[in-house]
Structure formats: structure tokens, C-alpha cells
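This report refers to the structure that appears directly beneath it.
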Amino acid sequence: LVEKVNSFIRFNLPKGTFFEGIFGLIDFRDDNLYYINCGVPALFLYTRSYNNVIEIQGDGKVLGFVKDISKYLKVKKVKLNQGDIIVTCTDGLIDSKSLRGEVYGKERIQKTITENTSFPASKIANITYTTCLNFLSKGLDDDVSIFVLKRLANVKQ
């Protein structure tokens, strides 16, 4: 799929068009997330058991710049346990600067995740965005995408 998306971007969209994102597949039988990072600068995993946020980047290049992306693709795997949270965002959030020129940065995102783990995924995304806007005291200079996935309890069948 990633190779096909790369080819489509490369050969069908205007020159210079690129895509950064995450391709993921969850195997619900064993709660493993298999993913390929295609140039996203931040992919975080909050582990409830350690009450900690770590980066789980993975390798990968943005799509649309090379003809054959296959040699750059590496599938990574992470086990998701109850209460774990995956958060990814674009550089528009990470690199945003306040009026004083201070960068918002990954550490603030990690802190926001840790402080808001009790909320649903959609609220964590909204809080992350709002916290950034409050830090900036102005509008954003770049587009921002935030994706949050929260592993809930198993459903008994």
C-alpha cells in the first residue's frame, strides 16, 4: 500500500507534492500495532504501566520524492496494553514558536499526554492543540495534525 501511495503521489500529483504520515495496522488478536513512519517527526507511546511517554519513531521517508520507496520502508511493531496511548503529530505543532521565539517542542507534548491520560483520545487531541495555542499567544503559522489512539479494555465475548 505504501509503495502504491508513493507512486501515485510521485507520478500523478504536481511535482514537489509530498506526504508525511503513519500507516498502521492493529492485530487485535495480540494487540500489536504494526506501523511504518513516512516522515512524521513525532510518534509517542504512553505506557500506563510505567506512566511514561517515549518516542517510537521508526524509520521512513516522506512519500513522493523517490521513485522506489521500498528500500526505505521498515515495518515496526509495538505491543499495546490497556491504557496505552499512541500520539502522533506534524511539525506544525512541534516547531510552533511563541511570541518570544520559544519553540513548543516535543517535551510539552509529552507532558500534556502524561497529564491527561484519563480522558478519551479525542479530548487528549483537543487539549494538546489548545495547550499549544495558549503557549503561542497567537495563531499557528503552519498546519497541524494530531492523531491519538487509546487502547481501552478488552471486550468480553
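Of the residues GLY58, GLY24, which single one is at pLDDT below 90, of a type outside the set (A, V, I, L, M) and either within 13 Å of the chain's Cα centre (by Cα) or part of a strand (DSSP E or B) (or both)? I'd like the intermediate steps shown before the answer.
Working: GLY24 fails: at pLDDT below 90.
Residue meeting the stated conditions: GLY58.
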Note to self: Looking only at residues that are within 13 Å of THR88 (Cα to Cα), touching a residue at least 60 places away in the same chain (Cβ under 8 Å) and in contact with a strand residue (DSSP E or B) (Cβ under 6 Å, 6 or more places away or on another chain) in the stretch 109-134, which one is surrounded by the most Cβ atoms within 10 Å (Cβ to Cβ)?
What the structure shows: ILE113
Check: For the stretch 26-67, what are the residues that are touching a residue at least 40 places away in the same chain (Cβ under 8 Å), of a type outside the set (Val, Ile, Thr) and over 15 Å from LEU80 (Cα atoms)?
Finding: PRO41, ALA42, LEU63, GLY64, PHE65, LYS67
Checklist line | the stretch 69-85: number of residues that are among the charged types (D, E, K, R), farther than 22 Å from LYS111 by Cα and either without any contact (Cβ under 8 Å) to a residue 24 or more places away in the chain or in contact with a Phe, Trp or Tyr (Cβ under 9 Å, 6 or more places away or on another chain) (or both) | finding: 3
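Quick one: is ALA125 small (Gly, Ala, Ser) and either more than 23 Å from ARG48 (Cα to Cα) or in a helix (DSSP H, G or I) (or both)? Steps first, please.
Values: small (Gly, Ala, Ser): yes; either more than 23 Å from ARG48 (Cα to Cα) or in a helix (DSSP H, G or I) (or both): yes.
Yes, satisfied.
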Check: Before we move on, is LEU152 free of Cβ contacts under 8 Å to residues at least 12 places away in the same chain and either open to solvent by 50 Å² or more (accessible area, probe 1.4 Å) or in contact with a helix residue (DSSP H, G or I) (Cβ under 8 Å, 6 or more places away or on another chain) (or both)?
Finding: no
Note to self: Let me spell it out: the conditions are (1) of a type outside the set (Val, Ile, Thr); (2) open to solvent by less than 40 Å² (accessible area, probe 1.4 Å); (3) free of Cβ contacts under 8 Å to residues at least 24 places away in the same chain; (4) closer than 22 Å to GLY24 by Cβ, and GLY105 meets all of them except one. Which number is the exception?
What the structure shows: (4)
Notebook entry, point to check: Any idea which of (1) touching a helix residue (DSSP H, G or I) at 6+ places or on another chain (Cβ under 7 Å); (2) open to solvent by 50 Å² or more (accessible area, probe 1.4 Å); (3) of a type in the set (Phe, Trp, Tyr) is the one TYR46 doesn't satisfy?
Noted result: (2)
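Report yes if ARG29 is more than 23 Å from TYR129 (Cβ to Cβ), open to solvent by 80 Å² or more (accessible area, probe 1.4 Å), touching a Gly at 6+ places or on another chain (Cβ under 6 Å) and at pLDDT 90 or above, otherwise no. Outline the logic, then answer.
Working: more than 23 Å from TYR129 (Cβ to Cβ): yes; open to solvent by 80 Å² or more (accessible area, probe 1.4 Å): yes; touching a Gly at 6+ places or on another chain (Cβ under 6 Å): no; at pLDDT 90 or above: yes.
Judged against the criteria, ARG29 is not a match.
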Next item on the list: Of the conditions (1) more than 28 Å from LEU140 (Cβ to Cβ); (2) open to solvent by 50 Å² or more (accessible area, probe 1.4 Å); (3) in contact with a Lys or Arg (Cβ under 9 Å, 6 or more places away or on another chain); (4) among the aliphatic types (A, V, I, L, M), LEU1 clears all except one; give me its number.
Entry: (3)
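The values are calculated or read from the model by the stated rules, or taken from the named source; none is laboratory data. Computed from a predicted structure; not experimentally measured. As a convention, Cβ positions derive from the backbone with ideal geometry for all residues, glycine included, and neighbour counts pool all protein chains shown. Heavy atoms of the whole protein, side chains included, go into the accessibility calculation; ligands, DNA and RNA do not. Shrake-Rupley method; radii C 1.70, N 1.55, O 1.52, S 1.80 Å.
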